[in-house]
Amino acid sequence: MKQKCLVLVSLAAGLLLGAPTAGAAATVSDADLIAKVRHELAMYPWYTIFDDVNFRVLNGQVELNGSVSQPFKKTDMERLVRGIPGVAGVTDDLQVLPISNFDNRLRLEVARAIYGDPTFMQYRMMPAPPIHIIVADGHITLTGVVATDVQKNVAGMRAASAGLSLGPVVNNLQVEHPAKKS
């Protein structure tokens, strides 16, 4: 009986002093949070090629930035990230793109022009194609990652050929295997 009381007193003292117990939550590293945030955003069912969301994590604080095509996506993504265990706070710098029939039509035309080209056949079969088409007030920006410089250039030309753009296409595509300059 005396031993049982000693264990209870030790447990109570540990709780009062803030000593970690077996059930206490461990801190989550930024690297783990990056993987969790990336997973949650990738699994978000309404994330499309017409959205471009990026993030960074520092000391448990997550900063979301980029563009989404609908206001509910901004709210949903912040809520998803805020709910990840270990996230200390969220800064939501996501921009909601203008909602207009003109921009929606332009998005579809550019997507058909790019993903209809045989150069991008392997991408159009992916559940989350890597080329993102951001349209804001008739202006087109391409983001994402392609394999080669040729693919980057073809995507830019196909987007520009879709017509209706109110300015030059901004081609911010990153290249996985850039050509070596000699």
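The values are calculated or read from the model by the stated rules, or taken from the named source; none is laboratory data. Since the structure is predicted, the reported quantities are computational estimates derived from the model, not experimental observations. Ideal geometry is used to build each Cβ from the backbone, glycine not excepted, and the neighbour counts take in all protein chains shown.
Assess whether residue 108 counts as being at positive phi and surrounded by fewer than 17 Cβ atoms within 10 Å (Cβ to Cβ).
For residue 108, the condition - at positive phi and surrounded by fewer than 17 Cβ atoms within 10 Å (Cβ to Cβ) - is not met.
Could you check, for the range 118-131, whether at least one of its residues is closer than 20 Å to residue 66 by Cα, in contact (Cβ under 8 Å) with a residue 60 or more places away in the chain and either among the acidic types (Asp, Glu) or in contact with a Lys or Arg (Cβ under 8 Å, 6 or more places away or on another chain) (or both)?
The first filter runs over the range 118-131 and keeps only residues closer than 20 Å to residue 66 by Cα, leaving 128-131.
Still in the running and in contact (Cβ under 8 Å) with a residue 60 or more places away in the chain: 128-129, 131.
Of the ones still in play, those that are also either among the acidic types (Asp, Glu) or in contact with a Lys or Arg (Cβ under 8 Å, 6 or more places away or on another chain) (or both) are none.
Checked against the condition, which is being closer than 20 Å to residue 66 by Cα, in contact (Cβ under 8 Å) with a residue 60 or more places away in the chain and either among the acidic types (Asp, Glu) or in contact with a Lys or Arg (Cβ under 8 Å, 6 or more places away or on another chain) (or both), the range 118-131 yields no hits at all.
Looking at this structure, is residue 136 closer than 13 Å to residue 111 by Cα, among the aliphatic types (A, V, I, L, M) and in contact with a Pro (Cβ under 9 Å, 6 or more places away or on another chain)?
Here the answer is no, as residue 136 does not meet what is asked.
Please go through the range 71-100 and give me each residue that is polar (S, T, N, Q) and modelled with pLDDT of 95 or more, ordered by number. First the steps, then the outcome.
Of the range 71-100, the ones polar (S, T, N, Q) are 75, 91, 95, 100.
75, 91, 95, listed by residue number.
Can you find even one residue in the range 144-162 that is in contact with a helix residue (DSSP H, G or I) (Cβ under 8 Å, 6 or more places away or on another chain), part of a loop (DSSP other than H, G, I, E, B) and farther than 18 Å from residue 67 by Cα?
yes
Determine whether the range 109-127 contains at least one residue that is closer than 30 Å to residue 32 by Cβ, of a type outside the set (Phe, Trp, Tyr) and in contact with a helix residue (DSSP H, G or I) (Cβ under 8 Å, 6 or more places away or on another chain). So that I can check it myself, show each step before the final result.
Of the range 109-127, the ones closer than 30 Å to residue 32 by Cβ are 123, 126-127.
Those left that are additionally of a type outside the set (Phe, Trp, Tyr): 126-127.
Filter once more, so that each one left must be in contact with a helix residue (DSSP H, G or I) (Cβ under 8 Å, 6 or more places away or on another chain): none.
Among the residues of the range 109-127, not one is closer than 30 Å to residue 32 by Cβ, of a type outside the set (Phe, Trp, Tyr) and in contact with a helix residue (DSSP H, G or I) (Cβ under 8 Å, 6 or more places away or on another chain), which makes the answer no.
If residue 95 meets every condition in (1) in contact (Cβ under 8 Å) with a residue 60 or more places away in the chain; (2) of a type outside the set (Lys, Arg); (3) under 23 Å from residue 75 (Cα atoms) apart from one, which number is that one?
Going through the list (1) in contact (Cβ under 8 Å) with a residue 60 or more places away in the chain; (2) of a type outside the set (Lys, Arg); (3) under 23 Å from residue 75 (Cα atoms), residue 95 breaks only (1).
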